[in-house]
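Below you'll find the structure, written out as C-alpha cells, and then a few comments.
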Amino acid sequence: MPIACLRAAAGPALVDAARTLPTSGPASGDGLLPRDPAAAIEAGAWNKVPVLIGSTRSEARLFVALTRPGLTAEEYAQQVLASHGTAGPEVLARYPLSAYGSPYLALSAVMTDSTFACQTAWTAKLLARQVPTFTYEFDDPDSPTLAGAQVPGLDESNAHSAELAYLFDFTMGDRPLTAVQTGLATRMKRYWGAFAHYGAPAAAGQTPWPATDPAGTVLKLGPTATRPDRSFAEDHQCGFWRTQPYRPVGA
C-alpha cells in the first residue's frame, strides 16, 4: 500500500525522490497517471473530448498577495532577476513599476503572463488542433476574493479562483455579488451548462462563443459585456514569453 510504503521510507530517500518530481503540475508515471499530461496531449494520446479552458485576468495576484504582500521595489527587481536569469533585465523593462503602481501589481502581472495566461493560450491552441476547444478570460475588475485570502490594502480582483463565485452558488469572502455581477454569473452558468450538455457552450440568446482558432480568439467574460476578443496574446505579452526557455508543448 502507498501509505505503508511512505511510512517505511527513510527521510533522505523521500527528499531525493521529491527532487525528481516536476516543479509544477501533476506527478505522472504510475497507474493513475502513467504519462505526463502535456506530452500526452502533444502526442494525441489522450481521451479526446471537447475542452473548455481559460484563466482570470490577473491570476497571480492571489499567490503574490499570500506570499509577498509587503513586496518592495528592490525585492521586485531581485525576484524578477532571480527567476528569469539573463532575460531578467528585459522582463523589468517590459513590466516597469511605473506602469503598475506597486511592486505587488507588477510582480502579479509578470507571474500571470508567464505562468498562467500564455500557458493557457498555448495549450488551448494545441488542443484546438485535435478537438473542439473554447477559451475564455474572466475579467471583472471588482470581483470578490476567495474567503480567507484577502490581504488588507491589496487589490485581488480577477485573481486565481475569482470566477468560482460566479459559477457556483457561494460568496467569495464577505461580499456578495452585485446585481450586475449576478447577471454575469447567470450567463456563465448557462455557457457551462450548455457545454456540459452539448459539448459546445452555445447558450440561446447569449453572445456566440467562437471555437479557439489560430488567431487566439477568446471569449472575454465581463460584468457589462461578454464578447469575443483577439487581444489576449498581446495583452499578456505572449510573443515575448514564447521566446523564453520555459514554455509548454505546442507553443
* Asked: Does Ala8 meet the test of being among the small types (Gly, Ala, Ser), under 30 Å from Tyr198 (Cβ atoms) and free of Cβ contacts under 8 Å to residues at least 12 places away in the same chain?
  -> no
* To do: Sort out which residues of region 90-99 are part of a helix (DSSP H, G or I) and surrounded by 15 or more Cβ atoms within 10 Å (Cβ to Cβ), and write them in order of number.
  => Val91, Leu92, Arg94, Leu97
* To do: Output yes when any residue across region 57-65 is modelled with pLDDT of 95 or more, basic (Lys, Arg) and touching a strand residue (DSSP E or B) at 6+ places or on another chain (Cβ under 9 Å), and no when none is.
  => yes
* To do: Within region 72-89, identify whether any single residue is assigned to a loop (DSSP other than H, G, I, E, B), open to solvent by 40 Å² or more (accessible area, probe 1.4 Å) and small (Gly, Ala, Ser), and answer yes or no.
  => no
* Counting just the residues of region 107-143 that are touching a Leu at 6+ places or on another chain (Cβ under 7 Å) and in a loop (DSSP other than H, G, I, E, B), which one comes out least open to solvent (accessible area, probe 1.4 Å)? -> Asp140
* Failed criterion for Pro132 (all others in (1) of a type outside the set (Val, Ile, Thr); (2) modelled with pLDDT under 95; (3) within 26 Å of Trp46 (Cα to Cα) hold) -> (2)
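Based on what the data block shows, is Ile53 modelled with pLDDT under 95 and within 28 Å of Tyr191 (Cα to Cα)? Spell out how you get there, then give the answer.
Numbers: modelled with pLDDT under 95: no; within 28 Å of Tyr191 (Cα to Cα): yes.
When the stated conditions are applied, Ile53 does not pass them.
Answer yes or no: is there a residue in region 25-38 that is polar (S, T, N, Q), open to solvent by 60 Å² or more (accessible area, probe 1.4 Å) and not in a helix (DSSP H, G or I). Can you show your working first?
Looking only at region 25-38, we keep the residues that are polar (S, T, N, Q), and these are 28.
In the following step, the residues that additionally are open to solvent by 60 Å² or more (accessible area, probe 1.4 Å) were identified as none.
Scanning region 25-38 turns up no residue that is polar (S, T, N, Q), open to solvent by 60 Å² or more (accessible area, probe 1.4 Å) and not in a helix (DSSP H, G or I).
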* Asked: From the list Arg68, Arg61, which residue is buried (at least 19 other Cβ atoms within 10 Å of the Cβ) and under 20 Å from Ala149 (Cα atoms)?
  -> Arg61
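Can you say whether Gly153 is under 21 Å from the mean Cα position of the chain (by Cα) and open to solvent by 60 Å² or more (accessible area, probe 1.4 Å), as far as the supplied structure shows? Reasoning before the result, please.
Details: under 21 Å from the mean Cα position of the chain (by Cα): no; open to solvent by 60 Å² or more (accessible area, probe 1.4 Å): yes.
No.
Restricting the search to region 157-168, which residues are crowded, with 19+ Cβ neighbours inside 10 Å and more than 12 Å from Asp140 (Cβ to Cβ)? Outline the logic, then answer.
Kept after step one, since they are crowded, with 19+ Cβ neighbours inside 10 Å, are these residues of region 157-168: 158-160, 162-163, 165-166.
Listed by number, the list holds a single entry, His160.
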* For Ser161, are the conditions met, namely being part of a loop (DSSP other than H, G, I, E, B), closer than 24 Å to Pro37 by Cβ and hydroxyl-bearing (Ser, Thr, Tyr)? -> yes
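The values are calculated or read from the model by the stated rules, or taken from the named source; none is laboratory data. Small disclaimer: the values here were computed from a predicted structure and weren't measured. Cβ coordinates were reconstructed from backbone atoms using ideal geometry, including for glycine residues, and neighbour counts include every protein chain displayed. Remember, those area values only see protein heavy atoms, side chains included, never the ligands or the DNA or RNA. Shrake-Rupley method; radii C 1.70, N 1.55, O 1.52, S 1.80 Å.
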